[in-house]
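Peer 1: First the structure, which I've put down as structure tokens, then a few questions once you've had a look.
The values are calculated or read from the model by the stated rules, or taken from the named source; none is laboratory data. Keep in mind the model is a prediction, meaning the values are calculated, not measured. Don't worry about glycine lacking a Cβ; one is built from the backbone with ideal geometry, like all the others, and counts go over all protein chains shown. For accessibility, only protein heavy atoms count, side chains too; no ligands or nucleic acids. Shrake-Rupley method; radii C 1.70, N 1.55, O 1.52, S 1.80 Å.
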Amino acid sequence: MKTKVHCVLLCAGQSVRMRPLHKLFLPLQKGPVIQHVLEQIIGANFDSVTAVTGFDSERMETLLNPFPLQVVHNSDFMMGMHSSIRMGLRTLSGKEGFVAICLADQPHLQKEHYKTLMETASAHPRAMLICPEFKGQRGNPVLINLKLRDFILSQPDHDRGCSYLFDLYPNDVISVPMSDDSTLLDLDTPEDYQCLLNSTNS
């Protein structure tokens, strides 16, 4: 039986290490990075997709508009990633299934990576956390059982995301071996962007 998996896409950050450029607006193949990421997410067929905006939200929402998703704005984005996760979780109701906390600055990920994690959710519906792993290193996105939704909403905001859940539920984590390091890669610096261009042009 297929387990529902919703996607909360975090695209609220300030792209500090890429300034004066914004990493999600940089060109990649046929459009900006954020649209490339969304094409893969939409292609993975999540049960729903919610994008959380923050910094430069008007420009971001213009790029998000063509896609079949819900957009919510986090006016407290300066509080860190956890505030955006909580904003996304508020759009979901019920405690069945999982939510994938997806990072908008992971353009190396393909829809197949997301699908592999979603298939694992169906195989292990009682797990609290599902995360990709490559050579022993934990990557993103992380799938969180929606039974934890209310608990996360009750937690104070900080910039560690939901990493504290791994400390609370060490025996309820399913690690999914991945065939490449895409789940470990993000886009923070000009060097990261050049590596991305090199990989997509090769």
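Peer 1: Determine the order of Met1, Met81, Met60, Met128 by accessible area, beginning with the largest, at a probe radius of 1.4 Å. Please report the intermediate quantities before stating the final value.
Peer 2: Working: Met1 210, Met81 75, Met60 0, Met128 25 Å².
Correct descending sequence by accessible area is Met1, Met81, Met128, Met60.
Peer 1: Sorting His22, His73 by accessible area (1.4 Å probe), largest first, what list results?
Peer 2: These residues rank, largest area first, as His73, His22.
Peer 1: Related question: Rounded to the nearest 5, what % of DSSP beta bridges with both residues in segment 74-202 are antiparallel?
Peer 2: Given both bridge residues lie in segment 74-202, the antiparallel proportion sits at roughly 60 percent.
Peer 1: Do any of Lys23/Lys111; Lys4/Lys135; Lys23/Lys95 go past 26 Å between their Cα atoms, and which?
Peer 2: From Lys23/Lys111; Lys4/Lys135; Lys23/Lys95, over 26 Å: Lys4/Lys135; Lys23/Lys95.
Peer 1: Which of the peptides 177-187, 29-39 is most tightly packed, and how do the rest follow, judged by the mean count of other Cβ atoms within 10 Å per residue?
Peer 2: Details: 177-187: 16.9, 29-39: 18.6.
Taking the mean over residues of other Cβ atoms within 10 Å, the ranking is 29-39, 177-187.
Peer 1: What is segment 84-202's relative contact order, in percent, from Cα pairs under 8 angstrom and six or more apart in sequence?
Peer 2: Numbers: 148 pairs, mean separation 41.6, N = 119.
Normalised by residue count, the contact order of segment 84-202 is 35 percent.
Peer 1: In square angstrom, rounded to the nearest 10, how much accessible surface does Phe134 have for a 1.4 Å probe?
Peer 2: Phe134 exposes around 40 Å² with every protein chain in place.
Peer 1: Here's a follow-up. Any idea of the accessible area per residue across segment 103-202, 1.4 Å probe, to the nearest Å²?
Peer 2: 51
Peer 1: Can I ask one more? Rank Leu168, Ala123, His73 by how far each Cα sits towards the positive end of the charge dipole of segment 65-202 (+1 on Lys, Arg Cβ; -1 on Asp, Glu Cβ) and give me just the farthest.
Peer 2: Looking along the dipole axis, the top candidate is Ala123.
Peer 1: Return the long-range amide H neighbours of Val142 (sequence gap of 5 or more, or a different chain), with a cut-off of under 5 Å between placed amide H atoms.
Peer 2: Ile101
Peer 1: Now a separate question. Would you compute, from DSSP H runs of 4+ residues alone, the mean residue ellipticity of the chain at 222 nm, taking -39500 (n - 2.57) per run and dividing by the full residue count, rounded to the nearest 500?
Peer 2: Helices in the chain give a 222 nm mean residue ellipticity of -9000 deg cm²/dmol.
Peer 1: What accessible surface, in Å², does a 1.4 Å probe find on Leu21, ignoring ligands, DNA and RNA and rounding to the nearest 10?
Peer 2: 100
Peer 1: Something else now. Want the number for Asp76 to Thr200: 0.36 nm per residue separation, take away the alpha-carbon distance, what's left?
Peer 2: That works out to 41.2 nm of additional length.
Peer 1: Right, something else. Rounded to whole Hz and in sequence order, give me ³J(HN,Hα) for segment 24-41 from the Karplus expression 6.51 cos²θ - 1.76 cosθ + 1.60, θ = phi - 60°, writing x for Gly and Pro.
Peer 2: 6, 9, 5, x, 8, 6, 8, x, x, 3, 4, 6, 4, 4, 5, 4, 6, 5
Peer 1: Please report the accessible area of Arg160 (heavy atoms, 1.4 Å probe, ligands and nucleic acids excluded) in Å², nearest 10.
Peer 2: 130
Peer 1: How much of the accessible area of segment 35-171, in percent, comes from carbon and sulfur atoms when a 1.4 Å probe is used?
Peer 2: Of the solvent-accessible surface of segment 35-171, carbon and sulfur hold 47 percent.
Peer 1: Per residue, what volume in Å³ does the convex hull of the Cα atoms of the chain enclose?
Peer 2: Taking only Cα atoms, the chain has a hull volume of 118 Å³ per residue.
Peer 1: Given points 7 Å out from each Cα along the Cα-Cβ axis, report the Ser179 to Asp56 separation in nanometres with one decimal.
Peer 2: 3.5
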